[in-house]
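**Q** Below is a structure I'd like to ask you about.
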Amino acid sequence: MAPEIPTEQWAQVIEKTGGPVEYKKIPVQKPGPDEVLVNIKYSGVCHTDLHALQGDWPLPIKLPLVGGHEGAGIVVAKGDLATGVEIGDHAGVKWLNGSCLACEFCQKSDEPLCPKPLLSGYTVDGTFQQYCIAKAAHIAHLPKEVPLDAVAPVLCAGITVYKGLKESGAKPGQWVAIVGAGGGLGSLAQQYARAMGIRVIAIDSGDEKKKMCLEQQGAEHFVDFATSKDLVKDVQAATPDGLGPHAVLLVAVNEKPFQQAAEYIRPRGTVVCIGMPAGAFLKAPVFESVVKMITIKGSYVGNRQDSAEAIDFYARGLIKAPFKIVGLSELQMVYDKMKKGDIAGRYVLDMSK
Ligand SMILES: NC(=O)c1ccc[n+]([C@@H]2O[C@H](COP(=O)([O-])OP(=O)(O)OC[C@H]3O[C@@H](n4cnc5c(N)ncnc54)[C@H](O)[C@@H]3O)[C@@H](O)[C@H]2O)c1
Ligand SMILES: [Zn+2]
Ligand SMILES: [Zn+2]
């Protein structure tokens with residue numbers, strides 16, 4: 001029997017950039033021919049959602065906008081051309097809501113680079129509503145035994161850091177510095193690194209995040225960026241030969257660490273930029289970059305195969321990251337804490353409250 005779909009639902013809506021978000025009832029949309037309608041049960045809150053609310057990226061948002069792109073739920077309707085998915089399936093709605101599937105990048109499985117992407121919670125309405133539309137080709141397929149609350153942060157943060165670690169080229173036994181380790185992406189990055197056999201130096205600030213990184217997430221060293229007197233030296237000293245980590249994953253929301261990474265990276269090492277602080281620039285000394293033969297690159301979410309792999313790591317019980325559940329109605333409170341850098345791990349919204 002097909003599930004009953006209401007005509008109205010609760011959502012958090014951005015009417016103008018800068019916010020605040022408005023918790024209100026809006027109509028439930030119908031999926032197009034190649035789309036599905038997912039009854040979102042839980043959605044993670046990513047720092048990207050805060051960038052959208054603040055309008056601080058050089059990419060305009062849809063207005064009014066329903067944010068959110070870490071939504072986990074159940075497929076309740078689908079269009080006639082939506083293949084490979086059935087009503088009742090558990091599914092995730094990711095940042096990449098859809099892509100053209102025909103351009104050079106889509107054909108080479110680099111679909112995040114598609115010039116005509118649909119971005120959940122940015123250029124199309126996202127997961128901070130009870131019923132969300134996504135292209136059938138791009139939804140994440142979730143095994144039914146995976147809990148929908150805990151897997152929600154994997155749908156952006158997990159996929160992104162897993163892809164970033166692959167892009168870093170770090171091998172089992174080598175070291176990665178995770179910069180912004182106490183946040184949503186950073187906490188998952190430590191778990192993926194550990195599952196991949198890569199050793200972790202966590203960089204962030206405060207006792208709560210330090211304890212979480214060292215005692216729960218698997219970091220072997222923690223460097224506090226706010227209290228360290230010489231961060232470059234401290235990071236290098238954390239590796240046994242003092243030559244620094246083989247890779248750096250930058251998931252911080254400030255510009256400064258993007259300028260520092262080239263100084264402590266090991267020769268031949270790779271710096272992977274993932275965080276996107278507003279208006280920030282990369283800067284690296286040319287002399288050291290040359291004589292250390294370092295690589296600096298960007299990494300942007302993941303393709304459908306990366307997504308499936310990241311979810312599979314989670315489904316096999318290899319990934320545990322801290323999250324706190326609050327109601328959808330409390331989203332503004334989450335943003336206020338996020339702005340202050342006060343969140344260790346992730347907040348996940350329960351769509352029923
Ligand atoms: N490239 C991608 O595909 C992609 C995907 C998702 C998110 N992002 C971006 O990644 C960033 C992080 O997202 P999040 O949800 O994890 O944010 P978050 O707010 O949960 O975590 C950010 C962390 O950075 C830390 N930090 C701030 N300044 C620092 C410094 N100088 N050194 C070290 N750590 C510092 C904060 O204390 C915080 O713990 C955002 O800019 C987001 O938009 C990028
Ligand atoms: Zn995200
Ligand atoms: Zn494309």
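**Q** Can you find, within the range 271-314, the residue that is surrounded by the most Cβ atoms within 10 Å (Cβ to Cβ) among those that are polar (S, T, N, Q) and within 18 Å of residue 155 (Cβ to Cβ)?
**A** 307
Yes or no, residue by residue, for (1) in a strand (DSSP E or B); (2) surrounded by fewer than 24 Cβ atoms within 10 Å (Cβ to Cβ); (3) not aromatic (Phe, Trp, Tyr):
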site: 154; (1), (2), (3): no, no, yes
site: 161; (1), (2), (3): no, no, yes
site: 177; (1), (2), (3): yes, no, yes
site: 187; (1), (2), (3): no, no, yes
site: 232; (1), (2), (3): no, yes, yes
site: 236; (1), (2), (3): no, yes, yes
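**Q** Sticking with this structure for a sec: Does the range 80-87 contain any residue that is within 14 Å of ligand 1 (Cβ to nearest atom) and touching a residue at least 60 places away in the same chain (Cβ under 8 Å)?
**A** No, the range 80-87 has no match at all.
**Q** With the requirement that a residue be farther than 30 Å from residue 170 by Cα and buried (at least 21 other Cβ atoms within 10 Å of the Cβ), what does the range 315-333 give you?
**A** 328, 331
**Q** Could you identify the single residue in 173, 169 that is of a type outside the set (S, T, N, Q), away from ligand 1 (no atom under 11 Å from the Cβ), in contact (Cβ under 8 Å) with a residue 60 or more places away in the chain and open to solvent by 30 Å² or more (accessible area, probe 1.4 Å)?
**A** From the options 173, 169, the qualifying one is 169.
**Q** Can you tell me which residue in the range 147-164 is farthest from residue 343 (Cα to Cα), limited to those that are more than 11 Å from ligand 1 (Cβ to nearest atom) and touching a strand residue (DSSP E or B) at 6+ places or on another chain (Cβ under 7 Å)?
**A** 148
**Q** Also: Within the range 1-39, which residues are among the polar types (S, T, N, Q), over 20 Å from residue 60 (Cα atoms) and open to solvent by 20 Å² or more (accessible area, probe 1.4 Å)?
**A** 7, 29, 39
**Q** For residue 267, state whether it is without any contact (Cβ under 8 Å) to a residue 60 or more places away in the chain, near ligand 1 (Cβ under 9 Å from one of its atoms) and either at negative phi or open to solvent by less than 70 Å² (accessible area, probe 1.4 Å) (or both).
**A** In short, no.
**Q** For the range 309-349, how many residues are of a type in the set (A, V, I, L, M) and in a helix (DSSP H, G or I)?
**A** So the answer is 8.
**Q** Taking the condition on the phi > 0 side of the Ramachandran plot, more than 22 Å from the chain's Cα centre (by Cα) and either within 16 Å of ligand 2 (Cβ to nearest atom) or surrounded by fewer than 17 Cβ atoms within 10 Å (Cβ to Cβ) (or both), does residue 84 pass?
**A** Here the answer is yes, as residue 84 does meet what is asked.
**Q** Working only within the range 98-125, note down all residues that are touching a residue at least 40 places away in the same chain (Cβ under 8 Å), surrounded by fewer than 22 Cβ atoms within 10 Å (Cβ to Cβ) and at positive phi.
**A** 109
**Q** Can you pull out every residue in the range 42-86 that is assigned to a loop (DSSP other than H, G, I, E, B), within 20 Å of residue 186 (Cα to Cα) and touching a Gly at 6+ places or on another chain (Cβ under 7 Å)?
**A** 46, 68, 69, 70
The values are calculated or read from the model by the stated rules, or taken from the named source; none is laboratory data. Since we're looking at a predicted model, the values are computed, not measured. Here Cβ is always computed from backbone atoms with ideal geometry, including for glycine, and neighbour counts include all displayed protein chains. Heads up: the accessible areas ignore ligands, DNA and RNA and are worked out on the full protein's heavy atoms, side chains in. Shrake-Rupley method; radii C 1.70, N 1.55, O 1.52, S 1.80 Å.
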